[in-house]
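Some notes on the structure that comes next.
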Amino acid sequence: MGALGALLDYLVKGGLEIMVPLLLLFLVGMAYTIERFISLTKAKINTAEFLTKIRAALKTKNVKEAVKICETFKGPIASILKTGLMKYGDPKEEIEKTMENAAMHEIARLERGLPVLSTISNLAPIIGFLGTVTGMIASFAALAQLNDPGAVAKGISQALITTAGGLIVSVPMLLAYSFFTTRVNTFIREIESASAVLMESFSQMERDV
């Protein structure tokens with residue numbers, strides 16, 4: 001029996017009404033996991049190198065060059081700093097507000113899909129435990145008849161398979177959620193740091209006038 005045959009066997013033994021939803025949750029979770037991994041990988045830049053180039057451009061008061069650097073690096077950090085650079089010359093509070101709004105937008109994009117992974121990691125064990133309950137109910141019903149040990153074993157098997165299925169879906173989704181949350185928090189810290197560097201560079205430019 002191949003892997004597909006074994007999977008189908010477990011789906012049937014665990015009860016299609018429980019195992020099919022678990023399989024769908026797993027497929028949805030994996031799709032979001034792959035999409036988030038690709039998106040967050042593309043969003044990552046060498047922040048130290050980026051800020052070094054930005055500060056070098058602003059030391060010569062070349063704001064247009066700094067904007068071009070942002071367009072070259074792309075990513076959420078570069079996009080946020082670009083909005084601040086485009087506002088250069090406006091009051092400090094207005095620049096900060098503009099970057100805060102841009103940061104909220106970019107962070108929302110970074111966190112997209114994470115609630116789905118969190119929901120799946122919490123929902124899958126509950127569905128699995130529901131299968132456990134229905135399996136045990138079937139086992140006790142068969143046990144009450146005192147003439148069908150095969151049905152008792154079938155119910156217990158269903159209970160164990162659905163419990164395992166729920167955990168098999170939940171664990172990788174929980175790990176993915178934790179991993180991506182950590183990545184997003186790293187982005188947030190870098191955004192805060194980069195924004196502070198930009199505002200300090202603006203202050204330095206004004207002092208040098």
Return the total of residues in segment 72-92 being touching a residue at least 40 places away in the same chain (Cβ under 8 Å), over 27 Å from A176 (Cβ atoms) and surrounded by 14 or more Cβ atoms within 10 Å (Cβ to Cβ).
4
Exactly one of (1) under 30 Å from E35 (Cα atoms); (2) crowded, with 17+ Cβ neighbours inside 10 Å is unmet by I95. Its number?
(1)
The residue from F26, F37 that alone is open to solvent by 70 Å² or more (accessible area, probe 1.4 Å), closer than 28 Å to V184 by Cα, out of contact with any Pro (no Cβ under 6 Å at 6 or more places or on another chain) and of a type in the set (F, W, Y) is F37
From the list I18, I69, I54, I45, exactly one residue is open to solvent by less than 90 Å² (accessible area, probe 1.4 Å) and outside any helix (DSSP H, G or I). Which is it?
I45
Every residue in segment 162-191 that is free of Cβ contacts under 8 Å to residues at least 60 places away in the same chain and out of contact with any Phe, Trp or Tyr (no Cβ under 8 Å at 6 or more places or on another chain), please.
A164, L167, S170, V171, L174, L175, S178, F179, T182, N185, T186, R189
Residue ID - surrounded by the most Cβ atoms within 10 Å (Cβ to Cβ), chosen from residues in segment 151-209 that are hydroxyl-bearing (S, T, Y) and more than 28 Å from the chain's Cα centre (by Cα):
S201
Looking only at segment 95-114, decide whether some residue is in contact with a Leu (Cβ under 6 Å, 6 or more places away or on another chain) and in a helix (DSSP H, G or I).
no
Under 17 Å from F202 (Cβ atoms), free of Cβ contacts under 8 Å to residues at least 12 places away in the same chain and hydroxyl-bearing (S, T, Y): is that true of T52 in this structure?
yes
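The values are calculated or read from the model by the stated rules, or taken from the named source; none is laboratory data. The shown structure was predicted, so the numbers you read here are calculated from the model rather than taken from an experiment. Glycine also receives a Cβ, built like all others from the backbone with ideal geometry; neighbour counts cover every protein chain displayed. The area values use the complete protein model at the heavy-atom level, side chains included, leaving out ligands, DNA and RNA. Shrake-Rupley method; radii C 1.70, N 1.55, O 1.52, S 1.80 Å.
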